[in-house]
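Asks: Quick one: this structure, given as structure tokens, is what I'll be asking you about.
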Amino acid sequence: MRIAAIIVAAGRGERLGGEDGPKQYLRLAGKSILARSMAAFLDHERIDRIQPVIHAGDDGLYRRQTLPHEKLLAPVAGGATRQHSVLAGLTALCGDPPDIVLIHDAARPFLRPALIDRLLDGVKAGTGAAPGLALTDSLKRVNREKRVAATVDRDLLFSVQTPQAFIFAEILKAHEAAAKSGETRLSDDCAVAERAGLAVTIVEGDPSNIKITTRRDLESARQWLSARPDVRTGQGYDVHRLVPGDKITLCGLELPHSASLEGHSDADVGLHALTDALLGAIGEGDIGSHFPPSDPKWKDASSQIFLHRAASLVRQCGGEITHLDVTLICETPKIGPHRQAMRERIAGVVGVETARVSVKATTNEGVGFVGRKEGIAALATATVIFDGFRHDE
Ligand code: CTP
Ligand code: MG
């Protein structure tokens with residue numbers, strides 16, 4: 001079963017207003033609304049492709065706010081209404097049509113994989129699936145003077161979210177028929193399906209899966225994310241043996257020395273400990289699993305590559321690196337004179353301010369292998385903050 005997702009992101013966000021550009025490119029806790037609305041599909045093993053639909057001319061914005069991914073197709077241009085934009089996405093998938101398509105608003109950044117599963121379980125031939133929320137307020141139908149004309153039976157009403165799931169060929173045909181008849185303003189794909197006589201089942205929606213429509217929605221989303229910070233720490237430890245030589249690399253700096261550090265790469269114990277600390281904060285294994293010493297590619301490699309890669313992985317997981325602390329344990333060289341340059345080098349590689357990097361050093365008081373100058377060790381801690389949106393809740 002081949003399953004694609006279309007993310008419609010070609011709207012202008014007029015109800016949100018403001019000079020900051022279309023709402024889907026605004027950031028919520030460091031990550032764009034668009035990137036967030038894609039994340040559940042990127043992570044979901046049943047989804048094999050994602051087709052973004054953007055406004056013609058938004059390519060630069062799009063590239064700045066999303067990361068390339070093997071599942072992500074090149075964006076196509078949308079149209080004047082949401083209905084046009086969805087049809088553009090469906091048409092773009094026609095060359096290699098999927099069996100099922102999920103159609104999602106870029107303006108809904110809090111989609112969870114569990115909702116995707118409920119939709120995929122609900123969709124079948126002749127029947128689409130849409131997430132619905134039961135209403136809790138009493139509902140009134142009013143006349144033009146805003147006088148209550150009737151109380152409406154709430155049990156038969158749902159407010160409907162995206163994504164909505166359909167058999168690809170069926171929804172494509174329904175959209176083409178709607179467009180042909182001159183219909184342009186159907187506000188969701190359920191309405192397009194209904195018009196074509198397709199059935200749509202309501203599956204349980206997710207109250208967190210809100211659409212950012214007004215400035216108030218944006219503010220409450222920001223508040224909600226920042227009110228529940230999820231702070232994680234990772235630790236790292238490394239040792240390299242000292243062998244005859246005349247220079248060492250420590251925390252990204254090459255220093256003249258009476259010995260050299262032995263290793264497959266440049267043997268930078270400080271950066272290795274920091275790399276492990278970052279990987280530890282996201283539970284992504286260790287430096288050896290990402291950059292095996294058995295791989296000739298890493299022979300004499302600069303450890304700055306490892307650290308940079310670990311920092312990118314943290315960000316891909318939605319983490320923000322808030323602090324790094326490394327302690328070098330060596331009898332010589334003296335680290336004090338190089339401390340500031342080391343902090344700056346690490347900060348540059350990781351992409352954080354220097355104030356968020358600490359470099360410390362201690363001797364081992366002549367004790368043990370460090371004391372006998374047989375090797376240099378390093379300990380590191382990384383602090384990473386994730387925002388309050390958890391996929392698995
Ligand atoms: N959308 C689209 N093409 C359009 C209009 C809307 O792709 N011509 C997308 C939006 O980018 C959004 C989703 O459809 O992800 C739902 O639309 P809505 O919340 O109405 O967003 P906007 O149209 O951008 O906002 P507004 O109506 O306030 O201008
Ligand atoms: Mg709109």
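Asks: What is the angle, in °, between the Cα long axis of helix 303-316 and the longest principal axis of the Cα atoms in the chain? Nearest 10 is fine, range 0 to 90.
Replies: The helix 303-316 is inclined about 20 degrees to the chain.
Asks: Find the percent of Cα-Cα distances in the stretch 149-196 that exceed 16 Å, and round it to a whole number. All intermediate terms of the calculation are to be shown ahead of the outcome.
Replies: Working: 541 of 1128 pairs.
Value for the stretch 149-196 (Cα pairs over 16 Å): 48 percent.
Asks: What's the center-to-center distance, using Cα atoms, between the stretch 315-393 and the stretch 1-76 in Å?
Replies: The stretch 315-393 and the stretch 1-76 have Cα centres separated by 35 Å.
Asks: Work the Kirkwood hydrodynamic radius out for the stretch 69-163: mean of 1/r over every pair of different alpha-carbon atoms, inverted, in Å. Let's see the in-between values first.
Replies: Values: mean 1/r = 0.0601 Å⁻¹.
Averaging 1/r across every pair of different Cα atoms and inverting gives 16.6 Å.
Asks: Another question about this same structure. Please give every one of the lysines within straight-line cross-link reach of LYS180, meaning a C-alpha to C-alpha distance under 26 Å, and leave out same-chain neighbours fewer than 8 residues apart.
Replies: Straight-distance partners of LYS180: LYS124.
Asks: So for LYS140, LYS297, LYS334, what's the accessible-area order with a 1.4 Å probe, most first? Can you show the working numbers first?
Replies: Numbers: LYS140 105, LYS297 135, LYS334 160 Å².
Largest accessible area first, the residues go LYS334, LYS297, LYS140.
Asks: What does the charge count near ALA150 come to, summing +1 for each Lys or Arg and -1 for each Asp or Glu among other residues with Cβ under 9 Å from its Cβ? All intermediate terms of the calculation are to be shown ahead of the outcome.
Replies: Details: positive: LYS140, ARG141; negative: none.
Net of charged neighbours comes to +2.
Asks: Here's something else I'd like to know. Starting at 0 and stepping by 10 Å, how many percent of the alpha carbon pairs of the stretch 113-199 end up in each bin?
Replies: All Cα pairs considered, the percentages come to 16, 35, 30, 17, 2.
Asks: Trypsin sites (Lys or Arg not before Pro) within the stretch 2-58: which are DSSP loop residues with at most 16 other Cβ atoms inside 10 Å? Walk me through the numbers on the way to the answer.
Replies: Working: sites: ARG2, ARG12, ARG15, LYS23, ARG27, LYS31, ARG36, ARG46, ARG49; in loops: ARG2, ARG12, ARG15, ARG46.
Listed in order of number, the matching sites are ARG2, ARG12, ARG15, ARG46.
Asks: Check each of the trypsin sites (Lys or Arg not before Pro) in the stretch 355-391 and keep only those in coil by DSSP with at most 15 other C-beta atoms within 10 angstrom; list them in order. The partial results should precede the final answer.
Replies: Details: sites: ARG356, LYS360, ARG372, LYS373, ARG390; in loops: ARG372, LYS373, ARG390.
For trypsin sites (Lys or Arg not before Pro) across the stretch 355-391 that sit outside H, G, I, E and B with at most 15 neighbouring Cβ atoms in 10 Å, the list reads ARG372, LYS373, ARG390.
Asks: If r is the Cβ-Cβ distance from ASP295 to ASN364 and R0 is 41 Å, what FRET efficiency results, to the nearest 0.05? Don't jump to the answer; show the numbers that get you there.
Replies: On the way: r = 32 Å, r/R0 = 0.78.
My answer for the efficiency is 0.80.
Asks: Largest first, how would GLU145, GLU374, GLU353 line up by accessible area (1.4 Å probe)?
Replies: Heavy-atom accessible area, descending, gives GLU145, GLU353, GLU374.
Asks: Filter the cross-link list LYS23/LYS297; LYS31/LYS146; LYS173/LYS211; LYS146/LYS211; LYS71/LYS360 down to pairs whose alpha-carbon distance in this structure exceeds 31 Å.
Replies: Details: LYS23/LYS297 43 Å; LYS31/LYS146 42 Å; LYS173/LYS211 27 Å; LYS146/LYS211 27 Å; LYS71/LYS360 42 Å.
Correct reply: LYS23/LYS297; LYS31/LYS146; LYS71/LYS360.
Asks: Using a 1.4 Å probe on the protein heavy atoms, what percent of the accessible area of the chain belongs to carbon and sulfur? Mind dumping the intermediate values first?
Replies: Numbers: 9720 of 19200 Å².
Of the solvent-accessible surface of the chain, carbon and sulfur hold 51 percent.
Asks: When only alpha-carbon atoms count, how far does the stretch 86-237 stretch along each of its three principal axes, as whole angstroms with the largest first?
Replies: 65, 52, 27
Asks: Could you tell me the convex hull volume per residue, in Å³, taken over the Cα atoms of the stretch 1-91? Walk me through the numbers on the way to the answer.
Replies: Details: hull volume 9.3 nm³, N = 91.
Cα-based convex hull of the stretch 1-91, divided per residue, equals 102 Å³.
Asks: Further, regarding this structure: Convert 20 °C to kelvin, take the viscosity as 1.002 mPa s, use the Kirkwood radius over C-alpha pairs of the chain as Rh, and evaluate the Stokes-Einstein diffusion coefficient in µm²/s, rounded to a whole number. Provide the component values of the computation, followed by the final result.
Replies: Numbers: Rh = 24.1 Å.
My calculation gives 89 µm²/s for D.
Asks: So, counting K/R as plus one and D/E as minus one, what does the shell of residues with Cβ under 12 Å around PRO292 add up to?
Replies: Values: positive: LYS297, LYS299; negative: ASP286, ASP295.
Summing Lys and Arg as +1 and Asp and Glu as -1 gives 0.
Asks: Could I ask something else about it? Of the listed peptides 65-71, 310-316, what is their order by residue-averaged count of other C-beta atoms within 10 Å, with the highest listed first? All intermediate terms of the calculation are to be shown ahead of the outcome.
Replies: On the way: 65-71: 13.3, 310-316: 19.9.
So the peptides 65-71, 310-316, ranked by packing, come out 310-316, 65-71.
Asks: Right, here's the next one. Of the residues GLY13, GLY95, GLY348, which exhibits the maximal mean-square fluctuation in a Gaussian network model of the chain defined by a 10 Å Cα contact cut-off?
Replies: GLY95
Asks: Turning to a different aspect of this structure: Suppose all protein chains stay in the model; what accessible area per residue would a 1.4 Å probe give for the chain, in Å²? Show your work: numbers first, answer last.
Replies: On the way: 19200 Å² over 393 residues.
Computed with neighbouring chains in place, this is 49 Å² per residue.
Asks: Another question about this same structure. Below 19 Å, Cα to Cα, which aspartates and glutamates can LYS247 reach? Residues fewer than 8 away in the same chain don't count.
Replies: Straight-distance partners of LYS247: ASP238, GLU262, ASP266, ASP268, ASP300, GLU331, GLU374.
Asks: Under a point spin-label approximation (7 Å from Cα along Cα-to-Cβ), what is the ARG195-LYS180 distance to one decimal in nm?
Replies: Placing both labels 7 Å along Cα→Cβ, they lie 1.3 nm apart.
Asks: Calculate log10 I(q)/I(0) of the stretch 280-366 for q = 0.10, 0.11, 0.17 Å⁻¹, where I(q) comes from the Debye formula with a single equal point scatterer on each Cα and nothing for solvent.
Replies: The Cα Debye sum returns log10 ratios of -0.31, -0.38, -0.86.
Asks: Can I ask one more? Given a cut-off of 23 Å, what percent of all Cα-Cα pairs of the stretch 194-313 lie beyond it? Mind dumping the intermediate values first?
Replies: Working: 3877 of 7140 pairs.
It works out to 54 percent of all Cα pairs.
Asks: Place a +1 charge on the Cβ of each Lys and Arg in the chain and a -1 charge on the Cβ of each Asp and Glu, then give the dipole magnitude about the Cα centre in debye, rounded to the nearest 20.
Replies: Details: 48 positive and 50 negative charges, 248 e Å.
That gives the chain a dipole magnitude of about 1200 debye.
Asks: Okay, moving on. Lys and Arg at +1, Asp and Glu at -1: add these up for the other residues within a Cβ distance under 12 Å of GLY252 and post the number.
Replies: Details: positive: ARG343, ARG345; negative: GLU254, ASP266, ASP268, GLU344.
Value of the local net charge: -2.
The values are calculated or read from the model by the stated rules, or taken from the named source; none is laboratory data. Keep in mind that this is a model prediction, so the values were computed, not measured. Positions of Cβ are backbone-derived with ideal geometry, glycine not excepted, and every protein chain shown enters the neighbour counts. Only protein heavy atoms, including side chains, enter the accessible area calculation; ligands, DNA and RNA are left aside. Shrake-Rupley method; radii C 1.70, N 1.55, O 1.52, S 1.80 Å.
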